[in-house]
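Structure first, commentary second.
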Amino acid sequence: MSRYPDNVDVNPFEDPAVLEHSTDHQQPTLSQVYNPFEENREPPPPYHPTASMTTPLPAGQPPERPSAPPACHTVRKQSPVEPKTYGTQKPTTIHTADLLRQQEELERKAAELDRKERELRNAAISSSATVNNWPPLPSFCPVKPCFYHDIKADIPLDVQKTVTVMYYLWMLSSGVLFFNLLGSLAWFTVNVEVGTHFGLSILWLLLFTPCSFVCWYRPMYKAFRSDSSFNFFSFFFVFFVQDILFILETVGIPGWGFCGWISSLSALKSNVGVAVVMLVVSVLFTASAVMGIVMLKRVHSLYRRTGASFQKAQEELAAGVMSNQAVRNTAGAAVQNAFQRK
């Protein structure tokens, strides 16, 4: 039972047990600051730790030392500009060399496949009925075209521009020979002593125009069409002579039938107007010579990227000779006669 009546309000903080406990364990307030320099000052109340702050250790166990803070392991970060070390570079170099060798082998195989594809395509074209379309003559002309000429259909796309420029060069050289004939004729009208010069200009026009097309343009055309080594070597030999001829035309030695620089300057003594016409021809001869040298180097650089060689040229020549029916008949007759004599 409660010690207090029901109608009496009881304050729990006025309980004698609570008051006694609070008086015995009263702590100094914050305002009661101890100053050791003041005189007649009582010492501060002793500090009594509570039970929760002290934990007795088992008997015979040494006190636990405070654990040391974890060691700070510094990690050295690599500078962005500091070169990375990957060990020895020899495996990387070997791997790169293997890749380059494989790439060269693949490129060589691709070139060989491309060459075989062009050979098959050209064989199909040659086997089919192709109508000659060059030179482009009218239908009523009794002379019919002699060659089939179609750069877009026969020539690979990557060398079509080179073949087209060579075709324009042939047209330029033929046109310059025609203007050379006109300049020589004009010079002959004012100076009858240059009749030989005029006659040779007619000969060069009639001779070099068809021969240049057959002897160096057609071999170059067939070389790029069928990747023929024999036609490449034929073109290089003949076109080198053609470049020498371009240089002689540009020089214009009097009496050789070319209105070059020397002949044009000589015509100044006879007539200035004729000399101007011949100087224009000299400029065209010079342009042809420069263009010829440049295109010779251009075709040679393209030839080096193909699979053509002198050995293949010999094989093609032998195959072409043996495939000729007349040559085979002649060889067979010679062998038969040799056996009969024995």
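Screening the stretch 71-97 for residues that are of a type in the set (Ser, Thr, Tyr) and surrounded by 10 or more Cβ atoms within 10 Å (Cβ to Cβ) and picking the one that is modelled with the lowest pLDDT gives Thr92. Looking only at residues in the stretch 232-254 that are open to solvent by less than 60 Å² (accessible area, probe 1.4 Å) and within 18 Å of Tyr303 (Cβ to Cβ), which one is nearest to the chain's Cα centre (by Cα)? Of everything passing the filter in the stretch 232-254, Phe232 is nearest to the chain's Cα centre (by Cα). The combined condition, being under 35 Å from the mean Cα position of the chain (by Cα) and either at pLDDT 95 or above or open to solvent by 50 Å² or more (accessible area, probe 1.4 Å) (or both), is not fulfilled by Phe224.
Look at (1) open to solvent by less than 30 Å² (accessible area, probe 1.4 Å); (2) at pLDDT 95 or above and you find that Trp204 fails only one, number (1).
Is at least one residue of the stretch 98-118 more than 28 Å from the chain's Cα centre (by Cα), open to solvent by less than 60 Å² (accessible area, probe 1.4 Å) and modelled with pLDDT of 80 or more? If you could, list the steps in order and put the result at the bottom.
If we filter the stretch 98-118 for residues that are more than 28 Å from the chain's Cα centre (by Cα), which is where we start, we get none.
Within the stretch 98-118 (the criterion being more than 28 Å from the chain's Cα centre (by Cα), open to solvent by less than 60 Å² (accessible area, probe 1.4 Å) and modelled with pLDDT of 80 or more), the answer is no, since none of the residues qualifies.
When the stretch 150-174 is examined, which residues are found to be open to solvent by 30 Å² or more (accessible area, probe 1.4 Å) and either outside any helix (DSSP H, G or I) or in contact with a Cys (Cβ under 8 Å, 6 or more places away or on another chain) (or both)?
Step one: of the stretch 150-174, the residues open to solvent by 30 Å² or more (accessible area, probe 1.4 Å) are 150, 152-153, 157-158, 160-161, 164-165, 167-168, 171-172.
Of everything in the stretch 150-174, just one residue is open to solvent by 30 Å² or more (accessible area, probe 1.4 Å) and either outside any helix (DSSP H, G or I) or in contact with a Cys (Cβ under 8 Å, 6 or more places away or on another chain) (or both), namely Asp150.
Taken over the stretch 148-186, the residue count meeting the criterion of being under 30 Å from Thr286 (Cβ atoms) and touching a strand residue (DSSP E or B) at 6+ places or on another chain (Cβ under 8 Å) is 1. In the stretch 134-149, what count of residues is obtained for those that are exposed (fewer than 14 other Cβ atoms within 10 Å of the Cβ) and either under 15 Å from Arg121 (Cβ atoms) or among the polar types (S, T, N, Q) (or both)? Going through the stretch 134-149 one residue at a time, the tally reaches 1. Scanning the stretch 249-263 for residues that are farther than 9 Å from Ala289 by Cα and without any contact (Cβ under 8 Å) to a residue 40 or more places away in the chain yields a count of 6.
Is it the case that Val194 is in contact (Cβ under 8 Å) with a residue 24 or more places away in the chain, open to solvent by 50 Å² or more (accessible area, probe 1.4 Å), more than 19 Å from Val290 (Cβ to Cβ) and β-branched (Val, Ile, Thr)? Break it down stepwise before answering.
Numbers: in contact (Cβ under 8 Å) with a residue 24 or more places away in the chain: yes; open to solvent by 50 Å² or more (accessible area, probe 1.4 Å): no; more than 19 Å from Val290 (Cβ to Cβ): yes; β-branched (Val, Ile, Thr): yes.
Taking the combined requirement at face value, the residue does not satisfy it.
Residues that are free of Cβ contacts under 8 Å to residues at least 12 places away in the same chain, out of contact with any Gly (no Cβ under 8 Å at 6 or more places or on another chain), over 30 Å from Ser301 (Cβ atoms) and among the charged types (D, E, K, R) are absent from the stretch 160-172. Looking across Leu185, Leu177, one residue alone is outside any loop (DSSP other than H, G, I, E, B), open to solvent by 60 Å² or more (accessible area, probe 1.4 Å), of a type in the set (A, V, I, L, M, F, W, C) and at pLDDT 90 or above. It is Leu185.
The values are calculated or read from the model by the stated rules, or taken from the named source; none is laboratory data. Quantities reported herein were computed from a predicted structural model and do not represent experimental measurements. Glycine also receives a Cβ, built like all others from the backbone with ideal geometry; neighbour counts cover every protein chain displayed. The protein model used for the area step is the full one, side chains on, heavy atoms only, and it has no ligands, DNA or RNA in it. Shrake-Rupley method; radii C 1.70, N 1.55, O 1.52, S 1.80 Å.
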